[in-house]
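The values are calculated or read from the model by the stated rules, or taken from the named source; none is laboratory data. Everything quoted here is computed from the prediction, not taken from an experiment. Virtual Cβ from ideal backbone geometry, glycine too; neighbours counted across all protein chains shown. Just the protein is used for accessible areas: all its heavy atoms, side chains included, with ligands, DNA and RNA removed. Shrake-Rupley method; radii C 1.70, N 1.55, O 1.52, S 1.80 Å.
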Amino acid sequence: MPTCKECKKFFPLEEDPKKGDCVQRVVDPRQAFYQAKPVEADRNAASCPSFEKR
Amino acid sequence: MARMSRDEYAKASGVFGVKPGAGSAVEDLDKVPERPCGLCKHCLEVAWSSDGRGSCNVLKEGSDITCDPPVFVLEGKNGYMMRLLTDASRCTYYERNEFIDKDGFECSDPVFRRFIRQLRDK
Amino acid sequence: MAVTAESLKELEKKQAWWWIAEKKRSRRLDYLRKAVWKKGAIGGLYPAGLIVDLERPVLQTEKARELESSADPYVIKFAKILAHVLDNKTIFITDHSQLVGYLGSTPNTITWDPSLASILNHEVINDPQCLPEPLDDSLRTIKDIVNYWAGKSDLDKILPYMDLDDSMKILSGAIGWGVPLARGGYSGKDYEYIMTGKRAFEDIIAELDRRIDDAYAKAHEPSASKEISNLYDKINNWEAMKITLEAGIRYAKRYARLARIIAENFETDPARREELLKIARTCEHVPAKPPRDLQESLQYDLFIQLFSRNEAIEGAWPARPDYYHGPYYEKDVNVDRVLTEEEALDLVGEFLIRAYEVSQYKPKWSREGLQGIEGTWVWTLGGVKPDGSDACNGMTIALLKAARLVRVSNPTFAFRWHPKVSDEVMRECFECIRQGLGYPSMRNDPVLVANAMHWHGHPIEEARTWVHQACMSPAPTTKHGFQPMRMANATANTAKIIEYVFTSGYDNIVNMQIGAETPPVETFKSYEEFFQAWVTQMKHVFSLVVRPVNRGRMLAPTLTPRPFLSAVSERSVESGLDVNDPSISRGNAWITAFTWVENIDSLAAVKKLVFDEKKYTLAELKEALANNWEGREEMRLDFVRNAPKWGNDDDYVDSIMLDCLREAAKFSRELKCPSGNSWPILPENVSGNIHYANVVGALPNGRRLGDALYDGGISPGPGLDKKGPTAVLNSCAKIDHITHGRAFLLNQRLSPTQMAGEKGYQLCKAYMKTWADLGIDHVQFNCVSDETLRAAQRDPEKYPELIVRVAGYSAHFVDISRKTQDNIIQRTVQGLA
């Protein structure tokens, strides 16, 4: 089972590596941006369409 | 209306929306009966919001079209409060409205406009 | 087309200001301006492409469920829910941006706070336009949220303590415009406490810690008293304030971290990398510590505004950005010279764009009443300092220049004119008006400072700090002077006053007895008797909108507290009381009087045609109005054409305006807010004149049900001011702008051709001098030709950026309904001599 921490887009918190941010590049019809969403390192990423193995 | 108890008043006006513990009440907000009040020409959506409240231009306070047999009160001052999705199948005063504007981009007209999603394509 | 002086001149000749702006602004501003998702509702619905953000309500609901069995008092639970949202929401940084922070999880989202009102939640369920796909999944989530908050939302909590009769009348939408909720309205802020660079969040947290420690020690001394009992509540309030401030600091640091991650892992352009690192340094510093430069100052302000909007739906944005950011602008641009003027303009322009994109899901009355915009972000510029000296600075000019480059319809500016304003600043204001922005509106500062002292007893130094709390009303930014919440429902649809005189208070539109049961109109034997019925209805309607607000304000500290707003308010940090507690506020209430002039023209028509000339009886008129003038077109035209109309310097009708205002002003002193202060009236409209078109019945000024109402304030009816601009000003000058009410909106249209060049400026200057000398408190201009407006109606896609002044705010012309567009075109274009 792949987990978030194995993904290229996962950036762990220095003070607590069990948590981190999923950082993704998004391009919508008007603008481009980077977004960050807090995630747990051990979260199941099996169904995540954005998962990219580190 | 002030003569009602606060609870009766609140229920009649629908001002509190759906109360907790009402079971499938929230689900009901998506059920469109065959003859919803919102498609009747006597229905006036409140000018305040699109939360689904309205009042009847014909029936007065004290009416109840949801019970069997229905109660029709035609005399009195204040209009009968109902919801746009109230089932009016028992209402003998029901007259289906012809809508002239359903796109919602003009301003409100309580007589002709109900731009709630559930009645969008009706 | 290459940007040449010739091409710009050509565009200027065509008054194609939006294309000029596009060519003049920097690449960064051009990207950011085009990148922004416009949030204002078009007519009554949100534009295509926007979606309701479900992330926040899910986070809110999950935390609320978790805390249900917690021993925390409500105020602390509320603060923890807010902190949970800030800690866990998705954040983003847009390419090229230097300022960060948004309410939603992605740029095209409208945030929804389900804890405010169940009836608002039902609007979300019913929304035909912007629920995210797949719809079934969204509806499942929305229904779970709606079900959870049913009975727990603020409105559900306060209604059992309100007068239900009054509440139902308000919620019918016929006379009022809002709900009496402390977390929904216009929040003033104590900028003198939080924006002067003397302190920031860490300083306040240290102060709160000291107060909590002291109170805790005092509460456990060998004693007992009411004061000691009160300390327990105060400790809870202080704890809640601290939770929100700490969450704010963490939220900013999340942006700092994201900026560093992008700089170190993704960004390849060294210049952009450096900008991202600057964003990181900025967000590590503010709001924890006071800002050190312009970027930090703007970012700090933006964070405060966003936190406050995470806590409440704020329909306005009271601000004075030149006054509070000016020192940082001067330092960076003129003293340290670390920013060029162009670089500073990039920051200032982006600051406007960041405000423009803010959005919160609002009910229908708000979407329709504020067509094309999200809320009345009327920012205050100019004015004087507390010592009376000119407050304009480099930032004033930068903001006016930036507005012309980014041409957002929201925020708009209102300029506090006073005799010491420099010609350079006035020319910048004029340039914005000439270029069709519709702003700044011009405010007469000496008159309004005196007005603030007259109505609410603000000391002169505090009165001089005033900002627009919403479109029009001045409010100081001081410890006791600022008003934390002005609930929108103290807004009266006053055309109902004259309508109710004819129906004995029964509202035929919403089927309710709303007004006073005055005697049948046909029984009145004299105009005086008729006018007294008007006075009775006026008192009834004003009381009806004020009582729920007073009650809501009194219930707010316990039932609907605002720990974040309290945390940035000196009086709450000092006292431990919620910011809405009336005992620590001087009071700055006002009643917004929508659709006011209809009363004046109607009274004049009745006086002349019924009582003076006896052409018709009141019974006949009552019947004609009840039948919406059907079959009586000739009679209707008599009432339109042969009755005097306000705005023509005609004492017959102008004296009726004064009679009405004097009666209202007298009653304003009898109506008291919970702080014990007065409720003066403030005639203005936003786009309520269109929203209410189908809510107000036929009137004696010849109006039919469904016709657009006048555009508001003390503006004459469109096309009815036939005697030129001086006559309009003369009529308006008969009003005492200090004692008759809190402020009076005046719309005027000017010819863009006449405004061209130096001659145009001199004409405008002469007009402004007359306006100021006459002591009129407000005027705002539309300066777009009929030709352009009609062309935009024909080809809206060619004019996406055309801005017009609606009333109290500006909007893109293509975003307002056809009825509103027509109403603006109908306004008389005043030729200045």
Within segment A:16-35, residues being charged (D, E, K, R), surrounded by fewer than 19 Cβ atoms within 10 Å (Cβ to Cβ) and within 9 Å of another protein chain (Cβ to nearest Cβ) number 3
Practice problem: Kindly indicate whether C:Pro582 is in contact (Cβ under 8 Å) with a residue 40 or more places away in the chain and assigned by TED's automatic domain parsing to the domain that holds C:Thr503. | Solution: no
Q: Answer yes or no: is there a residue in segment C:791-799 that is open to solvent by 10 Å² or more (accessible area, probe 1.4 Å) and either in the same structural domain as C:Cys732 (by TED's automatic domain parsing) or of a type in the set (A, V, I, L, M, F, W, C) (or both).
A: yes
Of those in segment C:156-188 that are among the basic types (Lys, Arg) and closer than 15 Å to C:Leu120 by Cα, the residue farthest from the other protein chains (Cβ to nearest Cβ) is C:Arg183
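To keep it simple, each residue is scored yes or no on (1) within 30 Å of C:Glu274 (Cβ to Cβ); (2) within 28 Å of the chain's Cα centre (by Cα).
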position	(1), (2)
C:Glu10	no, no
C:Lys14	no, no
C:Pro57	no, yes
C:Lys89	yes, yes
C:Ile93	yes, yes
C:Tyr102	yes, yes
| query | Being outside any helix (DSSP H, G or I) and closer than 20 Å to C:Leu618 by Cα, is that true of even one residue in segment C:525-548? | reply | yes
Inside segment C:35-45, the number of residues satisfying the requirement of being within 10 Å of another protein chain (Cβ to nearest Cβ) and closer than 24 Å to C:Lys819 by Cβ is 6
If we ask which residues in segment C:318-342 are among the basic types (Lys, Arg) and either open to solvent by less than 50 Å² (accessible area, probe 1.4 Å) or not in a helix (DSSP H, G or I) (or both), their number turns out to be 2
Counting only residues that are within 11 Å of another protein chain (Cβ to nearest Cβ) and of a type outside the set (D, E, K, R), segment C:257-284 contains a total of 8
Expected single match for among the aliphatic types (A, V, I, L, M), in a helix (DSSP H, G or I) and in contact (Cβ under 8 Å) with a residue 60 or more places away in the chain among C:Leu277, C:Leu352, C:Leu298 is C:Leu298
Going through segment C:498-515 in order, the residues found to be touching a Lys or Arg at 6+ places or on another chain (Cβ under 8 Å), more than 7 Å from chain B (Cβ to nearest Cβ) and within 16 Å of C:Leu544 (Cα to Cα) are C:Asp507, C:Ile514, C:Gly515
- Based on what the data block shows, is C:Ser97 at pLDDT 95 or above, open to solvent by 20 Å² or more (accessible area, probe 1.4 Å) and either within 13 Å of chain A (Cβ to nearest Cβ) or part of a loop (DSSP other than H, G, I, E, B) (or both)? no
Boolean, C:Val85 is more than 13 Å from chain A (Cβ to nearest Cβ), modelled with pLDDT of 95 or more and open to solvent by less than 40 Å² (accessible area, probe 1.4 Å)
no
The condition from (1) modelled with pLDDT under 95; (2) of a type in the set (A, V, I, L, M, F, W, C); (3) in a helix (DSSP H, G or I); (4) surrounded by 19 or more Cβ atoms within 10 Å (Cβ to Cβ) that C:Ala766 misses is numbered (4)
message: Checking the structure you have, find out if any residue of segment C:108-127 is outside any helix (DSSP H, G or I) and within 7 Å of another protein chain (Cβ to nearest Cβ).
response: yes
Per the filter on segment C:130-152, residues part of a loop (DSSP other than H, G, I, E, B) and more than 7 Å from every other protein chain (Cβ to nearest Cβ) are C:Cys130, C:Leu131, C:Pro132, C:Glu133, C:Pro134, C:Lys152
Q: Taking C:Ser229 as the residue in question, decide whether it is open to solvent by less than 10 Å² (accessible area, probe 1.4 Å), more than 14 Å from chain A (Cβ to nearest Cβ) and either farther than 27 Å from A:Lys37 by Cβ or outside any helix (DSSP H, G or I) (or both).
A: no
Just one listed residue, out of C:Tyr148, C:Tyr186, C:Tyr102, C:Tyr193, is open to solvent by less than 10 Å² (accessible area, probe 1.4 Å) and of a type outside the set (Gly, Ala, Ser), and it is C:Tyr102
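Does segment B:70-78 contain at least one residue that is facing chain C (nearest Cβ under 9 Å) and modelled with pLDDT under 85?
Among the residues of segment B:70-78, at least one is facing chain C (nearest Cβ under 9 Å) and modelled with pLDDT under 85, which makes the answer yes.
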Picked from segment C:343-358 (must be away from every other protein chain (no Cβ under 14 Å) and open to solvent by less than 10 Å² (accessible area, probe 1.4 Å)), the residue farthest from the chain's Cα centre (by Cα) is C:Ala344
So the helices (runs of 4 or more DSSP H) completely within segment C:591-671 holding 1 or more residues that are touching a Lys or Arg at 6+ places or on another chain (Cβ under 6 Å), open to solvent by less than 10 Å² (accessible area, probe 1.4 Å) and not small (Gly, Ala, Ser) are C:597-605, C:651-670
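For segment C:334-351, name all the residues that are closer than 25 Å to C:Val36 by Cβ and among the hydrophobic types (A, V, I, L, M, F, W, C).
C:Leu339, C:Ala344, C:Leu345, C:Leu347, C:Val348, C:Phe351
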